[in-house]
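Here's the structure we're looking at; comments come further down.
Here, each number is a calculation from the coordinates, and none is a lab measurement. Since the model is a prediction, treat every value here as computed from it, not as a measurement. FYI the Cβ positions are ideal-geometry reconstructions off the backbone, even for glycines, and counts take in every protein chain you see.
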Ligand code: ADP
Ligand code: MG
């Protein structure tokens, strides 16, 4: 279980999150909803660690072990994964090399070029991605769909436990949302947890969600309930 206790966050002296306590249990899927600017991305960034945010006393723990002082890569090694809402483009870093280095960092290995080719190519074929994709610069000029494929490849290679997906539905057409959801649903199992951050509902129509969290600086927790979602769709978050 990933546990957050009493988290308050400010940025540029502005209070964004206040006294948030939240558990993410493996085997359950979550959805974090909230208006634009309600702090959804800030919450994910804080869990992954981002120096932009000032954090007041809080506890972040995995399986009861306090991980407040861990760096992002150490948190990633423990199984936290964040798909960014705004993805950086890195010219000169090839997708193949990027994927090979995160794979090796996770496993403490040094995989050869050919060795990694054997690992990655079946995944590329399974996902119906052109091989040329591996030779491209990281995220440079990627379409919404290609960005998602890169994230899905990372999920397959790293097999993280707590998977935060920040608006992964943005920039995708209806068909791409459905196919991305299907792949994520296949990745989902009792040993991981999908955490969708969204303000449209299309993507979660395809996934079994166990708990909904609504952020508005403070926290409102609710069991997954289609009626609640219909109410939010009709009446908004207020
Ligand atoms: P959401 O993801 O729910 O749309 P965010 O977490 O991105 O919301 O933003 C929460 C609040 O923090 C917003 O009011 C936003 O304007 C503010 N914010 C985010 N980044 C900065 C920044 N670098 N400087 C000042 N305010 C910021
Ligand atoms: Mg956001």
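Exposure proxy check: 46, 71 ranked by fewest other beta carbons within 10 Å? Write down the numbers at each step before the final one.
Working: 46 22, 71 10.
Listed from fewest to most nearby Cβ atoms, that is 71, 46.
For the chain, state the semi-axes of the equivalent ellipsoid (square roots of 5 times the eigenvalues of the alpha-carbon gyration tensor), sorted largest first and rounded to whole angstrom. Please report the intermediate quantities before stating the final value.
Details: eigenvalues 174, 93, 55 Å².
Equivalent ellipsoid semi-axes, largest first: 30, 22, 17 Å.
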For q = 0.25, 0.34 Å⁻¹, Debye-computed log10 I/I(0) when each Cα of region 176-220 counts as one equal scatterer: -0.98, -1.38
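Got a sec? How would 10, 109, 198, 180 order by Cβ neighbour count within 10 Å, fewest to most?
Numbers: 10 15, 109 12, 198 19, 180 22.
By the 10 Å Cβ count, ascending, the order reads 109, 10, 198, 180.
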Shape call, region 1-126: gyration tensor on alpha carbons, a/c limit 1.5: prolate
Likely footprinting exposure, 26, 7, 165, fewest C-beta neighbours within 10 Å first: 26, 7, 165
Under 18 Å from the residue 121 label point (7 Å along Cα→beta-carbon), backbone N, region 135-149: 135-136
Calculated on alpha-carbon atoms, Rg and Dmax of region 118-191 in Å: 12.3, 35
